[in-house]
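Input: a single structure, listed below in structure tokens.
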Amino acid sequence: MLFISFSHIKEHLKDEIDLTEDQMSDEDLMFHYFRLHDYDGNRKLDGLEIMHALSHYQNESGVTDKESTSEEENAKTVDQILSMDDLDSDGYIDYPEYVAANKKHDELTKTDSAPKPE
């Protein structure tokens, strides 16, 4: 799944919801960010919604490499996201799957950044 920093999420939600960031937990931010990209309101992210979120992230973060941002590469990334994170294989990422993917990413990030024994 797309792993976006909470500061990025807060930036995009500032015009969408009427809460200060101090009132929102990380879980609240994740939920609102998920709903922000659920364009059809079915409480699931399909491939097109994931593709849009990916393109948005690339544009916002200044990724300009034409090869890595091509429609073909983004389609491959969406397919990878769905194959890894769509736990019930229904073709969508629902909110519990989104949360599970983010927790898995956080755990991997913590493991990767942990000091290595000498």
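FYI, it's all coordinate maths here, none of it is from the lab. Note that this is a predicted model, so its numbers are computed, not measured. Glycine also receives a Cβ, built like all others from the backbone with ideal geometry; neighbour counts cover every protein chain displayed.
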In nm, to one decimal, how far is the modelled label at Lys103 from the one at Glu71, with both set 7 Å along Cα→Cβ? 3.8 nm
Neighbour cut-off at most 10 other Cβ (10 Å), DSSP loop, trypsin sites (Lys or Arg not before Pro), segment 22-74: Lys66
Using amide H atoms built in the peptide plane, which far-off residues or other-chain residues are under 5 Å from Lys44 H to H? none
Phi-based couplings in Hz for segment 95-110 (Karplus 6.51, -1.76, 1.60; Gly and Pro marked x): 4, x, 5, 4, 5, 4, 5, 5, 5, 4, 5, 4, 5, 5, 5, 5
Once all Cα-Cα distances of segment 31-113 are split into 10 Å bins that start at 0, what whole-number percent is in each one? 17, 45, 34, 3
